[in-house]
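Below is one structure, written out as structure tokens; comments come after it.
The values are calculated or read from the model by the stated rules, or taken from the named source; none is laboratory data. Please read these numbers as outputs of a predicted model, since none were measured by experiment. Here the Cβ positions follow ideal geometry from the backbone for every residue, glycine too, while neighbour counts run over all protein chains shown. Side chains included, ligands, DNA and RNA excluded: accessible areas come from the protein's heavy atoms. Shrake-Rupley method; radii C 1.70, N 1.55, O 1.52, S 1.80 Å.
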Amino acid sequence: DDLMQHERYRQSRGARNKGLADPDVGRGLFCGVLTVSGSRAAQEAVVDSWCRRCDACVLFSNATRSTPADAEIEQLPGALLVNLRSPGDGKSREHLADKARRLQLWVANHASGFAWYLNADDDTYVCVDNLVSYLMA
């Protein structure tokens with residue numbers, strides 16, 4: 001049964017969302033979520049509801065919530081928040097292609113060892129367990 005296989009996989013992996021430094025992450029699911037500054041409630045909802053079930057959860061924003069404007073990465077409970085340094089204010093859809101390209105470049109440089117990658121927005125809900133079961137089938 002697929003669900004039992006996935007549950008055995010999860011148990012063999014130990015705690016979920018071990019992060020990017022885990023050398024055993026290569027078989028897992030990387031979840032990258034595009035978001036914008038000022039949407040803290042949406043960011044927390046994504047992490048609390050589904051993203052922390054991924055083997056790594058990284059939110060990509062036009063700015064981190066840290067006070068310094070030059071902060072590149074901020075550790076959140078269950079996720080990282082990465083500043084993509086998008087042109088303009090980073091909130092408009094006219095720069096969406098640039099944000100997606102910057103996300104792909106960041107992943108290629110920092111998280112290239114995963115088996116699967118998911119790119120979502122902060123208004124998306126993903127049933128991670130079902131997705132991984134499907135991917136493993």
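With respect to the stated conditions, ALA100 is modelled with pLDDT of 80 or more and either open to solvent by less than 50 Å² (accessible area, probe 1.4 Å) or within 24 Å of GLY28 (Cβ to Cβ) (or both).
The set of residues in region 119-129 that are part of a strand (DSSP E or B) and open to solvent by 40 Å² or more (accessible area, probe 1.4 Å) comprises ASN119, ASP121. Among the criteria (1) open to solvent by less than 50 Å² (accessible area, probe 1.4 Å); (2) modelled with pLDDT of 75 or more; (3) at negative phi, the one ARG53 does not fulfil is (1). Of the residues making up region 27-43, just one is modelled with pLDDT under 85 and farther than 16 Å from GLU74 by Cβ, namely ARG27. List every residue pair whose Cβ atoms sit under 8 Å apart, with the two residues 6 or more apart in sequence or on different chains, where the first one lies in region 37-54 and is of a type in the set (Lys, Arg) and the second, anywhere, is crowded, with 16+ Cβ neighbours inside 10 Å. Close Cβ pairs satisfying both conditions: ARG52/ARG16; ARG52/ASN17; ARG52/GLY78; ARG52/ALA79; ARG53/ARG16; ARG53/ASN17; ARG53/VAL128.
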